[in-house]
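Notes follow once the structure below has been shown.
What follows is calculated from the coordinates using simple rules that are stated; it is not laboratory data. Bear in mind that the values here come from a model prediction, so they are computed numbers and not experimental data. Ideal geometry is used to build each Cβ from the backbone, glycine not excepted, and the neighbour counts take in all protein chains shown.
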Amino acid sequence: MTDGVPIEQPRLDLSFVRRGGRTVIDRRLFAWPFVLTRSFHTDPARPDLLSVILQTGSGAVHGEDRLTQRFTLGPGAAACVTTQGATSVYRAEPGVRAVEQVLLRVAAGASLDYRPEPRILFPEAALCQVLDLDCAADASALVTDAFTMHDPDGQGRLFRELDSTLVVRRRGEEPLLIDRMQLRDPDVAVFKGHRAFGSAVLMLPPTHDLTALRRRLADALSCIGALYAAASLLPDSAGLGVRLAGREMRQLRTGFDAIAAIYREAAAQAPSALATARPTAA
């Protein structure tokens with residue numbers, strides 16, 4: 001159970017391991033609506049990094065969907081996970097809401113860049129989402145989440161419910177952070193002219209100067225027009241959290257790009273995964 005929501009059998013279950021200096025997938029299970037095709041090693045600066053683009057056959061989240069995803073990174077593995085595009089969340093019948101859970105497990109010396117495209121909340125959409133990050137103290141992780149709103153009739157109608165929970169913990173310990181947002185039948189005035197909202201969590205080994213990194217993030221984000229953003233230390237200086245609000249989704253994308261660039265530079269300075277991970281036989 002994650003924050004009161006029972007964990008269902010994953011419909012997407014991927015496990016990453018390090019073999020021969022590269023990351024590969026050693027467990028690859030998926031069912032409708034998820035689709036997984038080729039993965040890639042395309043970053044010349046990180047030949048060990050495996051990039052995965054998730055796809056869905058439906059391209060959307062519907063009112064009665066129950067979708068659980070699990071991503072497990074073994075010692076020293078490095079993975080970048082994104083999605084094919086923004087995911088629409090459609091109208092749910094009264095008293096019904098879609099449930100989406102994402103479980104991220106990052107072992108010692110591993111590195112995860114998890115940046116799915118945003119959710120697009122249509123009128124009368126209702127979504128409960130839980131993002132549970134369990135990260136070893138000497139691992140690195142960047143995890144983002146975002147949503148925007150859209151009324152195809154142009155009448156300014158809004159979604160019915162968004163219940164979003166982020167849980168951050170250190171390898172099976174009690175949560176360091178539980179961050180919850182609940183919006184039910186929101187009034188447009190709540191958003192103060194913003195249409196896109198997001199968050200990012202950066203987890204890095206304790207050798208990093210998180211205070212200096214927070215200043216870098218704040219400076220970079222302050223240069224992006226029509227974007228409101230703030231960065232702060234997580235409890236026990238376990239990492240950094242960032243909140244973003246933009247007039248449109250393009251400002252959030254620019255902000256996420258700036259965050260990712262700073263994260264990649266910081267993660268590259270972490271102790272080598274080869275030094276912290278036990279080699280896995282090919």
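For the reader, a short list of remarks on this structure follows.
- Spin-label pair residue 191/residue 248, simplified geometry with 7 Å Cα→Cβ offset, distance in nm: 1.4
- The chain - share of DSSP beta bridges that are antiparallel (%, nearest 5): 45
- Ordering 218-228, 240-250 by mean Cβ neighbour count within 10 Å, with the highest value first, yields 240-250, 218-228.
- Note on the range 1-127: Cα-only Rg and Dmax are 15.7, 52 Å.
- Angle in degrees between helix 249-268 and the longest Cα principal axis of the chain, rounded to the nearest 10: 10
- Here, the range 75-147 has an Rg and a Dmax of 14.9, 46 Å when only alpha carbons are counted.
- Once the Cα atoms are used to define both axes, helix 210-222 deviates from the longest principal axis of the chain by about 40 degrees.
- Per-q log10 I(q)/I(0), the chain, q = 0.09, 0.10, 0.16 Å⁻¹ (Debye; single scatterer per alpha-carbon; no solvent): -0.41, -0.51, -1.35
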